[in-house]
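Comments concern the structure below.
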Amino acid sequence: MLDKRVKTLADAVAGIKDGAVVLIAGFGSSGIPVELIHALIDQGARDLTVVSNNAGSGRTDLAALLATGRVRKLICSYPKTSGSVVFEELYAAGKIELELVPQGTLSERMRAAGAGLGGFYTPTGVGTDLAKGKEVRKINGREYVFETPLKGDVALIKAERADRWGNLVYRGAARNFAPTMAMAADLTIVQAREIVELGALDPETIVTPGIFVDRVVHVPNPAAAGQP
Amino acid sequence: MTTALSRTQIARRAAQDIPDGAYVNLGIGLPTLVANFVPKDREVIYHSENGILGMGPAPAPGTEDPDLINASKQYVTLLPGASIFHHTDAFVMMRGGHLDLALLGAFEVSRAGDLANWATLDDKTPPGVGGAMDLAAGAKAVWVLMDHTTKDGRPRIVEHCTYPLTARGVVKRIYTSLAVIDVTPDGLFVREMAPGLSFDDLQARTGAPLRLANDWRPIAID
């Protein structure tokens, strides 16, 4: 029987290794897997590379993980969201490495990893500082920058509903990076507000098919992200 | 005497030119004001990079939903016909040339339509690019809304951008506090000027050569 449910948050994040590349879903405070991030903090893995669109705000979840000093490098598009105080302090002190990636390139690099592709050529960033040192190729008269796939060892995802096969649906714009990150990591861990019987999710509207998911933990009352 | 346009008036002026039925992305800051001024008889479909098409106005107090936000992380609503999709598809729409229009703020625009709107020259704070480069590279047309000069009077329309570039040669039209200017292969054409402003005054506050369109007119300010 295929059953991806795990009983506790500790079980959900068990085995995440030091040095792991961790994809963390969410945009601003929407879709952030708060409880999984705190479970990762408790689990203790260090020397992490975190991939997330923003750099957390306030003092909880992603900001709390950064504050532990266990994140060596952040790969993101926009670490300047208001309230990103923890990241700003670490950055100013030279205690964290930043790789800045245009948002669509960030997303597509993860999609490429999930899709088994060796990279892609994008018009985004041509002629800018963020394309420095990268291969540029003219295709049908237009210049494109070559970008490489970005694969995660782990993805942390927040879903609205899941079943035991790991099929997922999301809520509103909390979906954001989650479907792409789910397919781009070796170990995709999901916290779901509700876990439903197999067959209860409409096959026509499942957003993330369970093949991309490894573990599902039930978190019925997820906390808001970015709290003081 | 010249009447420079306020930020609200710049937004109102640009809103008049958005065509009925257009798919539009409004950048952070001044461009977000534009949605308030689109004529009521036009249906404009707003896109947000975090996966929404068909964004409606801000919700009534007390009905905010933390899972319905725009790219500026402000609460929004969904109009009938709205759709939700994931980030990669949101950027397929942007990068793939599916959006009719992107209205963006800027630090500088060059004579050739180069756009600088993502990074300042301050290296103490961390840089942030977000979706700016994807939007600039991918929308069918990019319009810029900005003050004509900096606070200390330096031109923002320049021969070559001094700020880090967002994209090269993408800006098609510029709405400023003093003028509406088209960026064309033949140069910068002034379509409209603020009431009371002379062409020489405008040129003096602009860092690249301007040409006055034959059919230019004063900007209509309500």
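Every number here is computed from the coordinates shown, using simple stated rules; none is lab data. Everything quoted here is computed from the prediction, not taken from an experiment. With ideal geometry, Cβ positions are generated from the backbone for all residues, glycine too; neighbour counts draw on all protein chains shown.
Numbers at a glance
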| quantity | calculated |
| --- | --- |
| Mean Cβ count within 10 Å, highest first, over the residues of peptides B:172-183, B:155-166, A:212-223 | B:172-183, B:155-166, A:212-223 |
| Exercise: per-residue mean of other protein chain Cβ atoms within 10 Å, A:95-106 | 6 |
| Rounded to whole Hz, the Karplus (6.51, -1.76, 1.60) HN-Hα couplings of the stretch B:125-134, x for glycine and proline | 8, x, x, x, 10, x, x, 4, 6, 5 |
| C-alpha center-to-center spacing [the stretch A:55-115, the stretch A:165-186] in angstrom | 19 |
| Debye, to nearest 20: dipole size of the stretch A:120-223, +1 on Lys, Arg Cβ, -1 on Asp, Glu Cβ | 340 |
| Per residue Cα convex hull volume in Å³ - calculated over chain A | 132 |
| Among B:39-51, A:149-161, the order from most to least packed when residues are scored by Cβ within 10 Å on average | A:149-161, B:39-51 |
| Lys/Arg +1, Asp/Glu -1 at C-beta; chain B dipole; positive extreme among B:Leu121, B:His148, B:Gln9 | B:His148 |
| Peptide A:26-38 - average C-beta neighbours from other chains (10 Å radius) | 3 |
| Cβ-based charge dipole, the stretch A:88-165, positive-most Cα from A:Ile157, A:Ile96, A:Leu117 | A:Leu117 |
| Cα-derived Rg over Rh, computed across the stretch A:94-211 with Rh taken as Kirkwood radius | 1.08 |
| For the stretch A:1-54: Kirkwood Rh in Å [reciprocal of mean 1/r, alpha carbons] | 12.2 |
| Percent antiparallel among DSSP beta bridges (both partners in the stretch B:100-189, rounded to 5) | 50 |
| Antiparallel DSSP beta bridges within chain B, percent to nearest 5 | 50 |
| In order through the stretch B:42-49: 3J(HN,Hα) via Karplus (6.51 cos²θ - 1.76 cosθ + 1.60), integer Hz, x for Gly, Pro | 10, 9, 10, 9, 8, 10, 10, 5 |
| Sorted by Cβ density within 10 Å, fewest first, the residues A:Ile206, B:Ile18 | A:Ile206, B:Ile18 |
| Simple label model, 7 Å out from Cα along Cβ direction - B:Ile221 to A:Tyr121, nm | 4.8 |
| Rg over Rh [alpha-carbon atoms, Kirkwood Rh] for the protein assembly as shown | 1.00 |
| FRET E, pair A:Ala14, B:Leu121, Förster distance 45 Å, beta-carbon r, rounded to 0.05 | 0.45 |
| Packing-based order for A:56-69, B:125-138, B:71-84, using average beta carbon neighbours within 10 Å, highest first | B:125-138, A:56-69, B:71-84 |
| Pairwise label distance in nanometres, A:Glu97 with B:Leu79, each label 7 Å out on the Cα-Cβ vector | 4.6 |
| For B:47-54, mean number of other protein chain Cβ atoms within 10 Å | 5 |
| At 0.890 mPa s and 25 °C, Stokes D of the stretch A:155-228 from Kirkwood alpha-carbon radius, µm² per second | 201 |
| Antiparallel bridge percentage (DSSP; both residues within the stretch A:1-127; nearest 5) | 10 |
| Pairwise centroid distance, computed over Cα atoms, of the stretch B:46-80 with the stretch A:188-228, Å | 22 |
| Extended-chain gain in nm, criterion 0.36 nm per residue less alpha-carbon gap, A:Gln227 and A:Lys80 | 51.3 nm |
| Value of [θ]222 nm, deg cm²/dmol, for chain A, DSSP H segments ≥ 4, -39500 (n - 2.57) each, nearest 500 | -6000 deg cm²/dmol |
| Spherically averaged projected area in nm², based on the convex hull that wraps the Cα atoms of the stretch A:51-114 | 4.3 |
| Computed [θ] at 222 nm, deg cm²/dmol, chain B (DSSP H ≥ 4; -39,500 (n - 2.57); rounded to nearest 500) | -3500 deg cm²/dmol |
| Lys, Arg +1 and Asp, Glu -1 on Cβ, resulting dipole of the stretch A:59-179 about Cα centre, debye, nearest 20 | 200 |
| Rg/Rh for the stretch A:1-134, where both radii come from Cα atoms and Rh is the Kirkwood radius | 0.99 |
